[in-house]
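Participant: Below is the structure I would like to discuss, written out as structure tokens.
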Amino acid sequence: MKILITGSAGFIGFHLARKLLSEGWQVIGIDNLNDYYDPKLKEDRVAVVQKHKDFVFQKVDLKNKTAVDAVFANYKPEYVINLAAQAGVRYSIQNPYAYIDSTVQTPNFGHYAAITSGFKSFLMIALWYSLGGLSLRLP
């Protein structure tokens, strides 16, 4: 079975990729490797899973529809788990528009690509801080 994981260089995406690889899945990981926190940490995670023969990584920003479409066309994943999101609760307060673009709007491109490519199942993970509402109290 072939699965695509967005946000695959993040903490959750990395560990999910390792788990699925250990269970015999083929995993396509995509991540934009942004610099919100040290990109070296993300690169090191990618290097770990790239040692597995059934893992493929593509540095892709979900805002780039052409690149996202190409990943779906080239690898034809059967399943998609969307973990891509902007990290950081405080960042969402300091830069709300960038956060909304990255965490709310951008995943729609991946969802659209999945729908048009004939996938079997799509799972989008909503992180707890993306559901926090309009509280004026900082965490």
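Participant: Per-residue HN-Hα couplings for region 18-25, Karplus 6.51 cos²θ - 1.76 cosθ + 1.60 at θ = phi - 60°, whole Hz, x for Gly and Pro?
Facilitator: 4, 5, 5, 4, 5, 9, x, 6
Participant: Report the extension gain between ASP69 and ARG90 in nm, rounded to one decimal, defined as 0.36 nm multiplied by the number of residues separating them, less their alpha carbon distance.
Facilitator: 4.4 nm
Participant: Let me ask something else. Let me check I've understood the local charge: for VAL56, count other residues with C-beta under 14 angstrom from its C-beta, Lys and Arg +1, Asp and Glu -1. What total comes out?
Facilitator: +3
Participant: For LYS51, which lysines qualify as cross-link partners when the Cα separation must be under 18 Å and same-chain residues fewer than eight apart are set aside?
Facilitator: LYS2, LYS19, LYS40, LYS42, LYS59
Participant: Can you give me the distance in nm between label points at ASP44 and ALA98, each placed 7 Å from the Cα along the Cα-to-Cβ direction?
Facilitator: According to this spin-label approximation, the distance is 2.4 nm.
Participant: Moving on. Stick to Cα atoms and the Kirkwood definition of Rh, then tell me Rg/Rh for region 1-67.
Facilitator: Taking Rg over the Kirkwood Rh, I get 0.95.
Participant: Would you please put 12-21, 52-61 in order of how densely packed they are, using the mean number of other Cβ atoms within 10 angstrom per residue and starting with the highest?
Facilitator: Descending packing order for the listed peptides: 12-21, 52-61.
Participant: For the charge dipole of region 21-84, defined by +1 on Lys and Arg C-beta atoms and -1 on Asp and Glu C-beta atoms about the Cα centroid, which residue among ASN82, PHE55, LEU41 has the Cα displaced farthest towards the positive pole?
Facilitator: PHE55
No lab work stands behind these numbers, since they all come straight from the coordinates. Since we're looking at a predicted model, the values are computed, not measured. Note that we place each Cβ from the backbone using ideal geometry, even for glycine, and neighbour counts take in every protein chain shown.
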